[in-house]
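The values are calculated or read from the model by the stated rules, or taken from the named source; none is laboratory data. Note that the structure is a prediction, hence the values are computed from the model and not measured. As a convention, Cβ positions derive from the backbone with ideal geometry for all residues, glycine included, and neighbour counts pool all protein chains shown.
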Amino acid sequence: MRGFAALAAGAALVLAGCEVSTIGAAGPAAADQAKADARAAQRDAVKAAVDDLAGQEAIAYRSQLRNDAGELVDLALNVTKNGTTYGAVGVGGQVVNVVEADGKPYLSAPPAYWKTQGVNDGQAEEYGKRWMFVEQSDLPLRASQVLTPREIRNALYDASLGIDQLADPVKTRLADGSEAYELTLPKGKLVISAAQPHRVVSFDAGLVEGVGKAFGAGTTVTPGGLTGDALAQFKNGLGGAVDAFAQAFDYAAELVVLVDGNDLQCQTSGSCTSTIKVRNSVTGDAARVSSVRVVAKADVSAPELGSQTCTAEATAAPNSVVDVPCTVRFNVPNRTASYQVTSMPSATGEAIAAVDVGAIKQKIEAEFATLGG
């Protein structure tokens with residue numbers, strides 16, 4: 001009996017030892033599991049939020065630009081799931097308007113922007129007055145390639161994988177009082193609403209290839225789906241821009257403009273007309289050009305009368321010659337005399353893009369009908 005009792009007591013001691021060991025390990029294990037659950041919840045929120053973007057028919061990307069006066073300017077760039085784009089981005093402190101329609105890119109920007117692209121002052125002023133038909137490589141941002149709902153979903157999800165996998169999720173409070181996950185990633189921050197339905201609150205432009213260069217890597221971009229009236233406004237704004245394409249210059253056209261002759265005729269009244277013969281040559285794809293806007297200038301002078309300058313415009317067919325008359329008037333003394341008058345002509349030209357505005361607008365109408373706009 002004593003042996004049995006001793007064995008039972010020994011067993012009790014062993015069991016008690018095991019129980020103490022188990023209790024000691026339970027605290028850290030529970031804490032680790034809680035952290036793992038929090039990280040999993042953050043991952044799930046990110047995936048749900050970017051998947052929500054992928055399901056949108058069109059997205060507005062909102063940002064702000066600080067202008068030369070130090071004021072913040074609100075900008076919005078709208079992109080459909082098919083890549084049709086209309087809106088503005090801030091590039092180097094300048095507001096640049098962008099359109100991608102029917103697979104073709106167009107830009108409208110102030111003269112200061114064109115000067116940064118190597119355009120001379122006179123041309124930059126003209127470019128700043130109208131839309132420009134450009135090449136894809138001339139766009140500050142190829143939104144149709146990187147900002148469609150599907151592409152932004154993939155870009156932001158891939159960026160989110162760069163988070164420190166062992167770091168605890170960080171939450172921040174939004175202006176409306178709700179909570180959001182704030183992911184600090186190698187190229188910027190991604191903010192996701194914590195409550196369901198999860199959405200992408202904002203992202204730093206540097207997270208998406210090409211977007212950082214256009215917006216500025218540190219610029220905060222707020223994406224949001226477009227439906228109903230907002231989608232209709234997108235379509236109407238785009239249509240208004242397309243109407244102006246009838247006078248768009250072709251930025252990429254290879255155009256040569258030369259003075260091919262100059263006929264100077266003067267009247268006794270002091271009126272002198274230089275008829276400047278201007279030849280233009282379009283190389284490459286001439287079908288891109290509907291016509292050529294020619295600006296002729298004449299510096300007309302006479303030693304006894306001084307000098308006068310005139311300019312005149314004309315529209316010419318591609319690869320043609322056009323006569324451009326340009327007239328100045330001298331104050332001639334009321335006496336019999338003769339004067340030696342000379343005229344020094346020059347000319348510049350711009351290729352006007354061959355754009356079928358009606359056809360583009362029909363395609364826009366058809367696309368937006370499928371989007372619900």
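Before moving on, here are some points about what is shown:
- Number of the condition not met by Asp250 [criteria: (1) at pLDDT below 95; (2) surrounded by 15 or more Cβ atoms within 10 Å (Cβ to Cβ); (3) among the acidic types (Asp, Glu)]: (1)
- Here the range 135-152 is the region considered, the condition is being assigned to a helix (DSSP H, G or I) and of a type in the set (A, V, I, L, M, F, W, C), and the residue that is surrounded by the most Cβ atoms within 10 Å (Cβ to Cβ) is Ala143.
- Enumeration of residues in the range 173-193 that are exposed (fewer than 13 other Cβ atoms within 10 Å of the Cβ) and of a type in the set (S, T, N, Q): Ser178
- Test: residue in the range 284-300 that is more than 43 Å from the chain's Cα centre (by Cα), more than 20 Å from Val355 (Cα to Cα) and of a type outside the set (Val, Ile, Thr): no
- From the options Leu161, Leu139, Leu156, Leu166, residue that is in contact with a helix residue (DSSP H, G or I) (Cβ under 9 Å, 6 or more places away or on another chain), closer than 30 Å to Arg39 by Cα, free of Cβ contacts under 8 Å to residues at least 60 places away in the same chain and not assigned by TED's automatic domain parsing to the domain that holds Thr348: Leu166
- Inter-residue pairs, beta-carbon under 9 Å, first modelled with pLDDT of 95 or more and assigned to a helix (DSSP H, G or I) and in the range 340-364, second basic (Lys, Arg) and surrounded by fewer than 19 Cβ atoms within 10 Å (Cβ to Cβ), 6+ apart: Ile360/Lys104
- All conditions but one from (1) in the same structural domain as Val259 (by TED's automatic domain parsing); (2) surrounded by fewer than 18 Cβ atoms within 10 Å (Cβ to Cβ); (3) of a type in the set (A, V, I, L, M); (4) closer than 27 Å to Arg130 by Cα apply to Ala337; the one that does not is (4).
- Verdict on Val278 being over 29 Å from the mean Cα position of the chain (by Cα), of a type in the set (A, V, I, L, M, F, W, C), modelled with pLDDT of 95 or more and assigned by TED's automatic domain parsing to the domain that holds Thr342: yes
- Lys297 in contact with a helix residue (DSSP H, G or I) (Cβ under 6 Å, 6 or more places away or on another chain) and among the basic types (Lys, Arg): no
- The condition (being surrounded by fewer than 19 Cβ atoms within 10 Å (Cβ to Cβ), under 30 Å from Glu254 (Cβ atoms) and of a type outside the set (Asp, Glu)) is satisfied by just one residue among Thr342, Thr309, Thr327, Thr370: Thr309.
- Any pair with Cβ under 6 angstrom, 6 or more apart, that starts in the range 316-337 at a residue that is modelled with pLDDT of 95 or more and ends at one that is of a type outside the set (Phe, Trp, Tyr) and not in a strand (DSSP E or B): Pro318/Ala286; Arg329/Gly270; Phe330/Gly270; Phe330/Leu305
- The residue list Glu254, Glu209 contains one member that is in contact with a strand residue (DSSP E or B) (Cβ under 7 Å, 6 or more places away or on another chain) and of a type in the set (Asp, Glu), which is Glu254.
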